[in-house]
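Asker: Can you read through this structure? Questions will come right after.
The values are calculated or read from the model by the stated rules, or taken from the named source; none is laboratory data. Small disclaimer: the values here were computed from a predicted structure and weren't measured. Backbone-built Cβ (ideal geometry, glycine too); neighbour counts: all protein chains shown.
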Amino acid sequence: MTIHSMTGFAAAQGTTGAHSWSCELRSVNAKGLDLRLRIPEWLEGFEPFVRGELGKALARGNVSMTLRINRNEDTGANLTINEAMLATVLSSMAKIEAAAKVAGVDLAPSTSAEILSQRGVLEQGNTADDPAPIVAALKGAFAAILSDFVNMRASEGAALKAVLLDQLDEIDTLQSRAADLAEARKPQMAETLRNNLARVLDNADKVDEARVAQELALLAVKADVTEEIDRLKAHVSAARDLLAKGGAVGRKLDFLMQEFNREANTLCSKAQNSDLTAIGLDLKSVIDQMREQVQNIE
């Protein structure tokens, strides 16, 4: 399966009947699936449809959608003549012409365009918008928008996966170096413990040798980083398996990052060796970078 990013964007525009529309769909990372839709209320049934489609296609992300619809007004369409107003205008014109004739004033003949330009003679017809055909058209268009949106999230996810696999390789290399250093320092640690035991015994009277040896052995166990290195190796394997499996694995990867960080911190605290400490710090740096990338995975 594919790894998806929670970051995505898609946009489209078109016309249906007497309306033009534009739609934008975008998302950023979130703990769950948070849908924020701005859809005209008069488009009955469209918002539930969109929520359902987004719920089926997405698992996580803060998703926002904005749909804008405008009516394309045609200046010559749906115009009607107000017969009552036309009669009033013509009656008034007749009275004016009669008065002008009595006064000996010649008036230029009125044109039909001038008559129609009088306020109230021409009216825009009232046409109620039927949402059904508009909603049907938008449903078809939304399928393509959602496909583009999901494809972008998949493309972003593929890029994230490549980055994470490289970082896992780096962690794997660092834990292997840590394992070699830990193995190489064992003779030195054993010699140090023997010398410490000898100094304690030489400078203390009536000391319980068995108890001192036991305490030193406990210190040796606490300084042993074998378990941390082994767990780091196991975490690398688990993370690779999740990335190979695909799907909505972001939460599991995020939890795994916490485990990675815990082992790296413990390795640093138990290192007692400058080279091993340096490796632990390098591990922490790579793990922090990984956590930033994982935050964007669905």
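Asker: Looking at residue 239, is it of a type outside the set (Asp, Glu), in contact with a helix residue (DSSP H, G or I) (Cβ under 7 Å, 6 or more places away or on another chain) and at pLDDT 75 or above?
Answerer: Against the criterion (of a type outside the set (Asp, Glu), in contact with a helix residue (DSSP H, G or I) (Cβ under 7 Å, 6 or more places away or on another chain) and at pLDDT 75 or above), residue 239 qualifies.
Asker: Related question: Give the residues of region 243-252 that are touching a Leu at 6+ places or on another chain (Cβ under 7 Å), in contact (Cβ under 8 Å) with a residue 60 or more places away in the chain and not in a loop (DSSP other than H, G, I, E, B), sorted by residue number.
Answerer: Initially, region 243-252 is screened for residues touching a Leu at 6+ places or on another chain (Cβ under 7 Å), giving 243, 249, 252.
In the following step, the residues that additionally are in contact (Cβ under 8 Å) with a residue 60 or more places away in the chain were identified as 243, 249.
243 - this is the single residue of region 243-252 that is touching a Leu at 6+ places or on another chain (Cβ under 7 Å), in contact (Cβ under 8 Å) with a residue 60 or more places away in the chain and not in a loop (DSSP other than H, G, I, E, B).
Asker: Then there is this: How do the pairs read when you match residues in region 161-185 that are farther than 28 Å from residue 248 by Cα with residues anywhere that are assigned to a loop (DSSP other than H, G, I, E, B) and of a type in the set (Asp, Glu), using Cβ under 7 Å and keeping only pairs 6 or more apart or on different chains?
Answerer: So the pair list comes out empty.
Asker: While we're looking at this one, here's another question. Residue under question is residue 134, and the condition is that it be at pLDDT 80 or above, outside the structural domain of residue 44 (by TED's automatic domain parsing) and surrounded by 11 or more Cβ atoms within 10 Å (Cβ to Cβ); does it hold?
Answerer: Details: at pLDDT 80 or above: yes; outside the structural domain of residue 44 (by TED's automatic domain parsing): no; surrounded by 11 or more Cβ atoms within 10 Å (Cβ to Cβ): yes.
No.
Asker: For residue 115, state whether it is touching a residue at least 40 places away in the same chain (Cβ under 8 Å) and part of a helix (DSSP H, G or I).
Answerer: So residue 115 fails the test.
Asker: Hey, another quick one. Of all strands (runs of 3 or more DSSP E) completely enclosed by region 6-103, which ones contain at least 2 residues that are within 30 Å of residue 147 (Cα to Cα)?
Answerer: Correct list: 8-16, 19-28, 33-38, 61-71.
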